[in-house]
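Every number here is computed from the coordinates shown, using simple stated rules; none is lab data. Computed from a prediction, not measured in an experiment: that's the story for all the values here. Using ideal geometry, Cβ is built from the backbone for each residue, glycine included, and neighbour counts are taken over all protein chains shown.
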Amino acid sequence: MQQEIVGPIPANSLLRIPTKSPFDRGFRSLAPEKKRVDSHDVLRAIVPAMLSQKTPRSRCRSCSFSLRLACGMATLFLVFARIPTTFAQEPPTTQMWVTTDRADRRTCASIECGTVGDLFYREAASVFETKAGWARVTKYYPALCTGGRFEYVKSGKADCTPANGITDGKVAEWVRLDRLSRNRPADPAAGAQGVAALVGNSDDFHRYKSAFVKAAEKLLSSGECSEKDFKDIGGWMKSTNKGAGIYFTYCGGGSLRIYLDVSNGRTFR
């Protein structure tokens with residue numbers, strides 16, 4: 001689903017880049033896997049030399065440069081050997097697809113947890129693990145809690161607590177497993193021709209194909225929109241702030257935003 005853009009947009013703008021939760025936008029990535037630094041070989045070479053000189057660390061200043069260097073290296077390795085240098089590696093993922101109109105993305109594997117967004121029909125999901133009928137579809141990422149609340153929760157519980165899936169300041173997103181399938185649903189726009197092909201990439205096209213086509217035909221006949229407008233945009237996108245059943249598109253080379261109420265076919269600005 002495309003987020004609404006305030007004001008005119010350039011004619012050549014690519015509008016159908018799927019929006020991501022802020023989580024899908026830089027915060028979702030964990031640091032790459034790192035191997036633990038093995039200090040044992042180095043210590044085995046340095047410590048015996050230190051001990052053979054019977055030189056306390058406090059007297060290293062009077063030692064030769066090479067011994068002082070060895071002393072310093074040994075101290076550093078003893079310190080850093082205590083610091084974990086590996087990150088947990090995520091297990092291999094399974095590619096699945098959404099089979100329903102909407103699939104809530106929640107902060108834990110329960111309907112009691114907060115909702116941070118949705119996955120949409122035929123949208124791909126990478127499943128990291130499954131648990132009690134739920135699928136984890138993201139890595140764990142920083143929850144960015146403010147005042148004890150997870151600010152990106154759109155509905156439901158927003159508490160930054162383990163009960164809401166947030167532990168040690170990290171969270172992941174979960175989707176009901178029965179909303180997913182290993183097989184991608186057929187493309188409802190496959191084989192579409194004419195105006196239907198122009199709006200074939202619309203959100204919820206499989207549900208409102210007739211309404212989308214009729215509204216597009218009306219706008220093309222009135223001259224408010226051109227075929228190029230619909231080709232550039234891809235069709236109708238669900239509005240995030242106009243209520244249920246409201247979709248929008250851009251015409252006039254991106255300068256005109258037009259809304260559609262699929263319940264009655266009315267278009268408005």
### Query
Pulled fully out, how much extra length does the chain show between Thr100 and Ser222, if you take 0.36 nm times their separation in residues and subtract their Cα-Cα distance?
40.4 nm
### Task
Can you pull the one-decimal nm distance between simple spin-label points at Ser263 and Ser126, each 7 Å off the Cα toward Cβ?
3.9 nm
### Query
If the limit is 26 Å between Cα atoms, which of Lys154/Lys231; Lys131/Lys170; Lys139/Lys242; Lys209/Lys242; Lys154/Lys238; Lys154/Lys242 go over it?
Lys154/Lys231; Lys139/Lys242
## Note on the structure
Rounded to two decimals, the Rg over Rh value of segment 115-229 from Cα coordinates and the Kirkwood Rh reads 1.15
### Query
Lys170 versus Arg182, label points 7 Å from Cα toward the beta carbon: distance in nm?
2.9 nm
### Task
Do me a favour and compute the ellipsoid semi-axes for segment 162-230 from its Cα gyration tensor, root of five times each eigenvalue, largest one first, whole Å.
39, 17, 9
